[in-house]
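Okay, structure first, notes after.
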Amino acid sequence: MRHKCWIVVCAVLCIVLLTTCKTAKSGLATGAETETAIVKSEEALFVSVLNNSLKFSTLSAQLKFDYKAGEKSLSTKAQIKMIADEQVLLSVQLFLGIEAFRILMTADSVSVLDRINRRYMTDSYEHLKGETRLDFTLQNLQALLTNRIFLPGSNHATANSYKRFTAVANSRTAVYSVHDDIDLDYSFIADINERLLSTRIENKDKQHSLLWLYDKFDSIDGQSFPTEMNVKVTIDETASINATLHFTHTEINVPVKTDFTVPSGYQHVTASQLFKSL
């Protein structure tokens with residue numbers, strides 16, 4: 001049940017990540033466009049993938065979010081703003097550009113403003129970890145959103161982190177796997193172009209999983225960034241959520257504002273109360 005809670009939290013994050021995008025033409029090679037095989041060692045490729053990951057102090061983008069769960073589907077827009085290692089702000093617009101939800105994640109807490117139902121929640125990661133055994137940091141989330149390898153529960157993966165991973169490679173890709181303290185497995189697949197293609201998180205019996213795929217790479221200030229992300233959440237091997245995030249107007253290293261003000265009259269609710277009603 002606690003593993004299910006972990007995946008549900010990720011699913012809620014997916015539901016909230018919404019966009020408005022027209023995919024830009026990529027000037028970067030894809031794995032299918034080159035015949036060169038991996039010539040580096042698994043460790044050298046690991047370090048190159050880390051070095052090639054997006055470096056930013058701030059990031060802002062428009063998002064278009066296509067979402068499907070069973071017979072239900074939704075397409076909507078959002079804005080995302082990030083301050084490296086400090087904050088992630090999501091503003092979700094369901095129709096006519098009117099904000100429906102605002103979510104602010106800081107280094108130690110997450111807050112959600114539900115304008116539709118006039119309520120809000122604020123909770124610490126420490127408390128959420130006690131409730132769900134969720135060992136996830138803001139830096140982990142930012143890594144997931146910018147196709148970077150990360151260590152669960154840690155701030156950043158570095159070259160020295162390689163010894164924590166198990167590596168398996170062929171001529172085209174390399175898979176880096178790590179196990180966390182709450183019995184979840186993380187797998188990161190990198191390609192011959194020295195970039196991360198996917199992140200998978202699943203529990204030991206593989207009943208609950210999160211698969212995050214990166215595609216349509218473009219250049220942002222000379223750095224590679226995936227303008228399309230495909231997300232699949234599986235719960236109990238039966239229920240599944242599929243989502244596609246399209247990024248446009250992505251900018252890095254420009255000033256951003258991350259305001260989170262609760263209007264008067266809004267009801268305070270707990271995280272579990274909020275998640276149950278979504």
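Each residue, ALA169 and VAL254, gets one label point 7 Å from its Cα in the Cβ direction; the gap between the two is 3.8 nm. Taking every protein chain into account, the 1.4 Å probe leaves GLU251 with about 100 Å² of accessible area, to the nearest ten.
A simple spin-label model places pseudo-atoms 7 Å from Cα toward Cβ; at SER154 and ASP181 they are separated by 1.3 nm. The convex hull of the Cα atoms of region 72-122, projected and averaged over all directions, covers 4.3 nm². Using Cβ point charges alone (K and R +1, D and E -1), the dipole size of region 138-197 about the Cα centre works out to roughly 240 debye. Near SER48: Cβ cut-off under 12 Å, other residues only, Lys/Arg at +1 and Asp/Glu at -1. The net charge is -2. A 1.4 Å probe over all protein chains sorts SER154, SER161, SER57 by accessible area into SER57, SER154, SER161, starting with the largest. Compared with the alpha-carbon gap, the fully stretched path from ASP236 to LYS72 is longer by 57.2 nm at 0.36 nm per residue. Sorted on the mean count of surrounding Cβ atoms within 10 Å across their residues, most packed first, peptides 139-147, 177-185, 265-273 read 139-147, 177-185, 265-273.
A 1.4 Å probe run over region 141-278, with the rest of the protein chains in place, finds 46 Å² accessible per residue. Going Cα to Cα from LYS40, which aspartates and glutamates come in below 13 Å? Please leave out same-chain ones fewer than 8 positions away. Candidates past the 8-residue exclusion: ASP191, GLU194. As a fraction of the 1.4 Å probe accessible area of region 199-278, surface on carbon and sulfur atoms comes out at 47 percent.
The values are calculated or read from the model by the stated rules, or taken from the named source; none is laboratory data. The structure displayed is predicted, hence computed values, not measured ones. Reconstructed Cβ throughout: ideal geometry from the backbone, glycine too, with neighbour counts over all protein chains shown. In case anyone asks, the SASA skips ligands and DNA or RNA and just uses the protein heavy atoms, side chains included. Shrake-Rupley method; radii C 1.70, N 1.55, O 1.52, S 1.80 Å.
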